[in-house]
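Read the figures in this text as sums done on the coordinates, not as results from a lab. The model shown is predicted, which means the values in this text are computed figures rather than measured ones. Here Cβ is always computed from backbone atoms with ideal geometry, including for glycine, and neighbour counts include all displayed protein chains.
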Amino acid sequence: QGTQIKDVVIKDDAPNALILDKHADYIAAYGSKKDDYEYTVSEYLRMSGIYWGLTVMDLMSQLPRMNCEEITEFIKSCQHECGGISASIGHDPHLLYTLSAVQILSLYDNVQALDVDKVVEYIKALQQEDGSFAGDKWGEIDTRFSFCAVATLALLGKLDAIDVDKAVEFVLSCMNFDGGFGCRPGSESHAGQIYCCTGFLSLTGQLHRLNADLLGWWLCERQLPSGGLNGRPEKLPDVCYSWWVLASLKIIGRIHWIDKAKLRAFILACQDEETGGFADRPGDMVSPCGTAVRPSRVSRCCDLQLQRNVNQSPANSGRRHNFKQPPQLSRKFEQSVASSLTDVDQLPSALLRVYVQAILAFM
Amino acid sequence: MAEFEKEVAVLVQRVVRDISNAFKKNPNIDEIGIIPCPEPRYNRSPIVLIETKLGLESWCVKFLLPSLHRKLLLYRQRKNYLDREALVDVTVTLLLLNPDFTTAWNIRKELLQCGLLNPEKDLYLGKLALTRFPKSPETWIHRRWVILQFLQQCCAQKGCRKEQCEGYLCHTEAMGSSQNLCTHQAKLLHQEMSVCSEAAGRYPSNYNAWSHRIWVLQHIAKDNVEVFLEEFSSMRRWVSMHVSDHSGFHYRQFLLQALLTELCKAPHMSTAGTTLYQQGTTTTSPSARLTETRAAFGLDPSGTERQLGGGTIAQLFDLEMEFCSELIHSYPGHEALWCHRRQVVFLWHKWRRDHPHFPCNTNEGNGLHLSISKDNGQAFSSVEGSINGLPCGDAMEVDGPPDPCNAKQLKGGPLMSGSLALTAEHSFVSILLDDCGHSEQRRFALAYRKWLGNISRQ
């Protein structure tokens, strides 16, 4: 009898201070590394990898270290005839990478480098009868794609190009009894999907339609005794959920419901003091069923905990400046999504996750 | 350098050919894997085929993958030409090594659309990739696309009416008992369920596998209550053996909710059990369906003459709660079990609120007695003794003098009304906490108690 709890133990000698300069060097160095094999296996998500890396650098005020022109040229060469953008040259266009590309160019205040009208047309054409969005022309439906669509359009100031009401109805149809959201109607709640859906409702001004207390409850229960967060019940903590869960809590105004000090300690302990970067989780693992934890394609991620004076944008959803949408939306965007990392009085530190694996080359 | 590149090109060609030959030699390969082997040994192929297992020695992957990857992307940019056979071979090797390479799957979609690939072959490739990467999102996404093509094709061949094709559901009178699905669909459904089960077994709480399973039910077995009942029945055993798998429990909750919806759809339910499943089914006799329903819910399948009404719905909830209690007591400290409890209570609470006038006590009024077997009628009781230490009691006849513990089930029990149900839940927690030294169990029980307080205010 008795079950070992799925959690980790943080060792006494784990790092407990933020080694910011190491992380910056780590990411900058990734740009120059072009190991053939590593580069190949992750090329299918390169555009997002670049975005994650650049956002971290921007948050650390190190953006000038990256080659803006090269990146812009790369993005331009990834836009296809249909208007959509692919993860890399020669790959097929997809909403996921269309958002990343627009996010990167928003960082550089240069979305005009793209054919914006075509991007808008591309997204518009992916909306389905029921309001949902397909990720690409092959038709897979997922609430993640609903988020990609509205986030991209919001950044371009073109949210009115789609049927927002229908899009909202679809996302709400994916809400579960626990207050969370899954990828499609009937699917299990998942912290990553919850982030997408709360971000979506925030951008569309519909946050009042979710049950913030219920959802906040579920999200807070993701915190384990070690301080780390998992993405679903009975899963191991993973530093990437610091982003998904925390950002969602922030959006719904329940961030104070979790133990910040413990989470902070957990994240700091994930750092690699020698190389920079962050691991999935620190310390020795209490392995409940003897199953090796295989790192998923994106779970080898790193987080950067930023200083108090960070006054920048969120990692995955938007940018502080250049919103060309109507003022009301812009303010909402700012308040509910962007502020998730800017309100430093509430948040002792801003969090950002970066998938190490994905930042292989900045071309 | 040029010499080296030439050598790599020769190696890659050889490996791709060997893999292709391996599939010809044994079309029933059922698992793939990488064999740790840092250096090439002797002068032999890195491909190892032992019976139905295909292995690739690790040393060659770092040459193989980048080279094929480049080749395919050059083709995509129209910078070099690959014929159909080469495309098939290159994408097979690439996807077995890196199944999240979306564009490679898309190239196969195009071949499929042109009729140059057999959809069954592609489902098979995906199945193999999942033996190594059971979560791979792109593999599951491609699978769904292929299935939709397959269903459309199947409907077209069967000459189904358009409105039926839209739901990708063929009702064929001739198929008789076979769940109202045509043979192709029944086979496909069975195959998808087994692919999902295998992936769920390989990786715990496999989100993509379970959400795929839900999708399959929604698209292939839409409105087909028998399929839902079968699933509900077999899931009982699965979750008993995977008590920490939150995704498995979510799936059971999905089924419970779907079945509840179906039960409520039937008109005059409280008085005419035989009209229960008018929707969607015409071939199975109502009494046979009733038997299945009862079996799936853990009721004695022989009690077909009994009425299914609000009282039965109460009973179904009661049985699910009892099942959940057993698991919580047998396997303390599992959050997934407590989450399941919340969902079941929530569903009941909501159902009571939505159907305030639904008669719950038809059994009582008619003086009916239902035979209840504690364990599941079919799938569950086929295993003798116990499963994982979980007791599977014998069928319990309650027709005689009522056992106080079971009487509650017969008469609708503590779940008869929402508030009463919550009271029973509070006492469940109190009794459990009185005698609980398991710290995690306590933590979850206390959180559950708090949650109960919250739901009663809703």
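In what sequence do A:Val239, A:Val168, A:Val9 fall when counting other Cβ within 10 Å, fewest first?
The order, fewest Cβ neighbours first, is A:Val9, A:Val168, A:Val239.
Per residue of the range B:59-68, what does 6.51 cos²θ - 1.76 cosθ + 1.60 with θ = phi - 60° give for ³J(HN,Hα)? Whole Hz please, x for Gly and Pro, Karplus curve as stated.
Whole-Hz 3J(HN,Hα) from phi for the range B:59-68: 4, 7, 4, 5, 8, 4, 4, x, 5, 5.
What is the average number of partner chain Cβ atoms found within 10 Å of a Cβ in A:38-45? Can you show the working numbers first?
Numbers: counts 2, 2, 12, 8, 2, 6, 8, 2.
The shielding value for this peptide is 5.
When only C-alpha pairs under 8 Å and at least 6 residues apart count, what is the relative contact order of the range A:123-236, in percent? Present the calculation step by step, with values, prior to reporting the outcome.
Values: 146 pairs, mean separation 24.3, N = 114.
After rounding, I find 21 percent.
Which of A:Tyr97, B:Tyr448, B:Tyr207 comes first, and how do the rest follow, when ranked by fewest Cβ neighbours within 10 Å?
Details: A:Tyr97 29, B:Tyr448 21, B:Tyr207 24.
Ascending Cβ contact count within 10 Å gives the list B:Tyr448, B:Tyr207, A:Tyr97.
Based only on other Cβ atoms within 10 Å, what is the fewest-to-most ordering of A:Ile194, A:Ile19? All intermediate terms of the calculation are to be shown ahead of the outcome.
Numbers: A:Ile194 31, A:Ile19 19.
The order, fewest Cβ neighbours first, is A:Ile19, A:Ile194.
Count neighbours as other Cβ atoms within 10 Å of each site's Cβ, and list the GluC sites (Glu not before Pro) in the range A:10-99 that are DSSP loop with at most 11 such neighbours. Each step should come with its number before you reach the end.
Working: sites: A:Glu38, A:Glu43, A:Glu69, A:Glu70, A:Glu73, A:Glu81; in loops: A:Glu81.
Here the sparse-neighbourhood loop sites are A:Glu81.
Would you work out if the range B:2-101 is rounded, prolate or oblate? Take a ≥ b ≥ c from the square roots of the eigenvalues of the alpha-carbon gyration tensor; rounded if a/c is under 1.5, else prolate when a/b is larger than b/c, oblate otherwise.
Details: a/c = 1.83, a/b = 1.26, b/c = 1.46.
Oblate.
For B:96-105, what's the mean count of beta carbons from other chains sitting within 10 Å of each residue's beta carbon? Walk me through the numbers before you get to the answer.
On the way: counts 0, 2, 6, 1, 7, 6, 12, 10, 3, 2.
Counting other chains' Cβ atoms within 10 Å and averaging over B:96-105 gives 5.
Using a 10 Å cut-off on Cβ to Cβ distances, tally the other chain neighbours for every residue of B:210-216 and report the average as a whole number.
If you average over the peptide's residues, the count of other-chain Cβ atoms is 4.
At 7 Å along Cα-to-Cβ for each site, give me the label-to-label distance between A:Ser61 and B:Ala86 in nm.
About 5.4 nm, to one decimal.
Taking only C-alpha pairs under 8 Å that are 6+ residues apart, what is the relative contact order of the range B:2-101 in percent? Working shown, then result.
Values: 91 pairs, mean separation 26.6, N = 100.
Over the range B:2-101, the number comes to 27 percent.
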